[in-house]
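Let me begin by presenting the structure, written as structure tokens, before commenting on it.
The values are calculated or read from the model by the stated rules, or taken from the named source; none is laboratory data. What you are looking at is a predicted structure, and each value in this text was computed from that prediction instead of being measured. Virtual Cβ from ideal backbone geometry, glycine too; neighbours counted across all protein chains shown.
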Amino acid sequence: MRYAMAIDTKKCVGCGDCVVACQTENNVPHGYCRDWIVENVSGSYPNVEIELRSERCNHCDNAPCVRCCPTGASHIVEGGIVMVTHNECIGCGACIESCPYDARYSHPEGYVDKCTFCKHRLDKGQNPACVEVCPTKCLHFGDLDDPNSDVSKALKNRRWKVLAPEAGTKPQLYFLT
Amino acid sequence: MHTFSRTTNNPNLDDLMDENKLWVNPRVAEIWGIENGQKVWLKNQDDVVSSFPIKVRVTERIRWDSVYMVHGFGHKEKRLSRSYGKGASDSELVTHVMTDPVMGGTGMRGNFVTFLLGNPKKEEVES
């Protein structure tokens, strides 16, 4: 079992629905977010290339945030999801500094918070909130070990890349190009 | 992001995008000496000036003979506490409306705008 997400950069329009869905689903405090949109523009008009990406925690196999956590609040659960136990977190912020994707934020209540792939929804057999609401269906989620899952099929048929491969974190967010 | 020009006061969506920006091609920005994030006012061919300034976003995503802004900003109603006075309204610059004589459809794209780099209201007070 290995949960992963594939984001189709050709289909994403950068509407921000995933961001609002996540904030609503996970009660993210106002002004913070667990996922966000990145826009890369290269070239000059009329030969412009635009890449829009919906980014979030990469749930790395070799997660620096888990290694540097002094209390063990950051841990990896079944399916490779990196989770934070809120009442064990002392809010030291070492994980925020160690993350090459800047995926974590300091919650005003004194702990560190991040994307959980909506684990409470996965347990009920549902997809994460961001995947569920995407109007262009550009987010593919599923189990990498299952060849028939949405994400496996997407990765089989398309070229893809990961972010910051040089960091050696083995990220599990794939961007279809 | 925003829908039907009505959602700019929604807290979640305001958080994502609290004002609209005027997309300007870098080549045009260089000629005018406009920097990214600079506030400008817009004036159309009938000398109608936008009520509020709008920040410039210099980007290659727009062609050099056009500017672009998201519709639905520049609200004048003060009770819209989050969106009042943020960004500019494109609809107030639409003064020239052409009507199709056959079926009555309206064409509102016959308007042209230019930049005003200084505050037009300030100039009036000084003179």
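Computed values, structure above
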| quantity | calculated |
| --- | --- |
| Those residues of the range A:156-177 which are outside any strand (DSSP E or B) and buried (at least 18 other Cβ atoms within 10 Å of the Cβ), in sequence order | A:Thr169, A:Pro171, A:Gln172 |
| Count - residues of the range B:72-105 that are under 30 Å from B:Asn10 (Cα atoms) and outside any loop (DSSP other than H, G, I, E, B) | 5 |
| Evaluation of B:Ser5 against (1) within 16 Å of B:Val70 (Cα to Cα); (2) within 14 Å of chain A (Cβ to nearest Cβ); (3) out of contact with any strand residue (DSSP E or B) (no Cβ under 8 Å at 6 or more places or on another chain) (one fails), failing number | (2) |
| Unique match (being within 14 Å of chain B (Cβ to nearest Cβ) and at pLDDT below 95) among A:Asn87, A:Asn62, A:Asn47 | A:Asn47 |
| Only one of A:Ser42, A:Ser98 that is within 14 Å of chain B (Cβ to nearest Cβ) and of a type outside the set (Val, Ile, Thr) | A:Ser42 |
| Test: residue in the range B:85-105 that is of a type outside the set (S, T, N, Q), closer than 24 Å to B:Pro120 by Cβ, in contact with a strand residue (DSSP E or B) (Cβ under 9 Å, 6 or more places away or on another chain) and within 14 Å of another protein chain (Cβ to nearest Cβ) | no |
| Qualifying residue in the range A:65-79 (condition: more than 14 Å from every other protein chain (Cβ to nearest Cβ) and either among the hydroxyl-bearing types (Ser, Thr, Tyr) or over 26 Å from A:Lys170 (Cβ atoms) (or both)) | yes |
| Checking A:Cys118 against (1) buried (at least 22 other Cβ atoms within 10 Å of the Cβ); (2) more than 30 Å from A:Ile90 (Cα to Cα), the condition it does not meet | (2) |
| Filtered residue count, the range A:121-142, keeping only those that are assigned to a loop (DSSP other than H, G, I, E, B) and either surrounded by 16 or more Cβ atoms within 10 Å (Cβ to Cβ) or free of Cβ contacts under 8 Å to residues at least 24 places away in the same chain (or both) | 8 |
| Complete set of residues in the range A:1-38 that are more than 18 Å from A:Trp160 (Cβ to Cβ) and more than 14 Å from chain B (Cβ to nearest Cβ) | A:Met1 |
| Odd one out for B:Glu30, checked against (1) more than 14 Å from every other protein chain (Cβ to nearest Cβ); (2) farther than 16 Å from B:Gly85 by Cα | (1) |
| Helices (runs of 4 or more DSSP H) (entirely within the range A:1-106) containing at least 2 residues that are surrounded by 18 or more Cβ atoms within 10 Å (Cβ to Cβ) and in contact with a strand residue (DSSP E or B) (Cβ under 7 Å, 6 or more places away or on another chain) | A:17-25, A:64-67 |
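Each row is one residue, and each column tells you yes or no for (1) under 26 Å from A:Lys153 (Cβ atoms); (2) touching a residue at least 60 places away in the same chain (Cβ under 8 Å); (3) in contact with a helix residue (DSSP H, G or I) (Cβ under 8 Å, 6 or more places away or on another chain); (4) among the basic types (Lys, Arg).
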position: A:Met1; (1), (2), (3), (4): yes, yes, no, no
position: A:Ala6; (1), (2), (3), (4): yes, yes, yes, no
position: A:Thr9; (1), (2), (3), (4): yes, yes, no, no
position: A:Cys12; (1), (2), (3), (4): yes, yes, no, no
position: A:Cys18; (1), (2), (3), (4): yes, yes, yes, no
position: A:Glu25; (1), (2), (3), (4): yes, yes, yes, no
position: A:Gly31; (1), (2), (3), (4): no, no, yes, no
position: A:Ser44; (1), (2), (3), (4): no, no, yes, no
